[in-house]
1. Please give the helix 19-44 orientation as an angle from the longest Cα principal axis of the chain, in degrees from 0 to 90, rounded to the nearest 10.
2. Starting from 0.36 nm per residue, how many nanometres of slack lie between LYS195 and TRP22 once their C-alpha separation is accounted for?
3. On a 0 to 90° scale, report how tilted helix 63-75 is relative to the longest principal axis of the chain, with both axes built from alpha carbons and the result rounded to the nearest 10.
4. With equal scatterers on the alpha carbons only and no solvent term, can you work out the Debye log10 of I(q)/I(0) for the chain at 0.08, 0.10, 0.16, 0.17 1/Å?
5. With a/c under 1.5 counting as rounded, go ahead and sort region 56-170 into rounded, prolate or oblate using the C-alpha gyration tensor (a ≥ b ≥ c being the square roots of the eigenvalues; past the cut-off, prolate if a/b is larger than b/c, else oblate).
6. Between SER207, SER164, SER196, where does the largest GNM mean-square fluctuation fall for the chain, given springs only between Cα atoms within less than 10 Å?
7. What number results when the radius of gyration of region 1-94, computed over Cα atoms, is divided by 2.2 N^0.38 Å?
8. Mind giving me the nanometre distance, one decimal, between the label points for PHE43 and GLU144, set 7 Å out from Cα along Cα→Cβ?
Amino acid sequence: MSKLCAGFLQRRECVVPTWRGWLMFLCVSTLVAFTVMRGVYPFLAVNDSRPGGILVVEGWSPEAVLAEALAEWKRHRYDKLYVTGGPIDDGSPLADFKTCADLGVATLLRFGAEKKDLQAVPSPFVVKDRTYASATSLKKWLREHGPMPDKVNMVSLAPHSRRSRLLFQEAFGGEASIGIISVNDPGFQPELWWKSSGGVRAIIAESIAYLYARIIFRPPVEE
């Protein structure tokens, strides 16, 4: 085959790493992977508290998050503690509560909150972007009952925190400053999340969801 495949192919020199090169590549890759593993949880679990205005917690959150929201309510002065969330699926053991917002309020009352301090703000059923739907429902409720607060301080499950704040910022625009308080997921150790199946699932899922929210998501045009 003096002419490879009738002249459609040609020979070229190919440079490949030596064993030292492969060793260096392995060391650099391991260092990068370790840095990402150690840094992704603190990145997702952002803390940027802005006390004052109103306090918000998502009703689907684990009890540890709801308990921290109540503790935050007692630590600082807020106008109201709002609980957001959409419908609960029919057939669920918690279906009697109708929405995650109502479930969250019931849990906070069980923890000792006073009913006058709480306000459930349910959001409609949506197939995707539930956090954004909760944010827009809250914004609509606040507009209707005015005035719009200048600060919205959220309490959220740690891996979900950065995405929650991002989507609330998208919903509120410049009408309110959005703060965030992260509460560690009680299901795994934050600094060793890769050592548990729950931690791996949570971090990978939330990393993908955050990238979607940051790069692909576009707020629907308001009518």
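The values are calculated or read from the model by the stated rules, or taken from the named source; none is laboratory data. No experiment lies behind these values; they were computed from the predicted model shown. Glycine gets a Cβ as well: all are built from the backbone with ideal geometry, and neighbour counts include every protein chain shown. Quick note on the areas: whole protein, heavy atoms, side chains included, nothing else; ligands and nucleic acids left out. Shrake-Rupley method; radii C 1.70, N 1.55, O 1.52, S 1.80 Å.
1. 10
2. Working: separation 173, 0.36 × 173 = 62.28 nm, distance 2.74 nm.
Additional length available on full extension: 59.5 nm.
3. 60
4. For the chain at q = 0.08, 0.10, 0.16, 0.17 Å⁻¹, log10 I(q)/I(0) is -0.39, -0.53, -1.12, -1.25.
5. Details: a/c = 1.35, a/b = 1.08, b/c = 1.25.
Because its axes are fairly even, with a/c under 1.5, region 56-170 counts as rounded.
6. SER196
7. On the way: Rg = 28.6 Å, N = 94, 2.2 N^0.38 = 12.4 Å.
Here the Cα radius of gyration is 2.32 times the empirical estimate.
8. Inter-label distance under the simple model: 3.9 nm.
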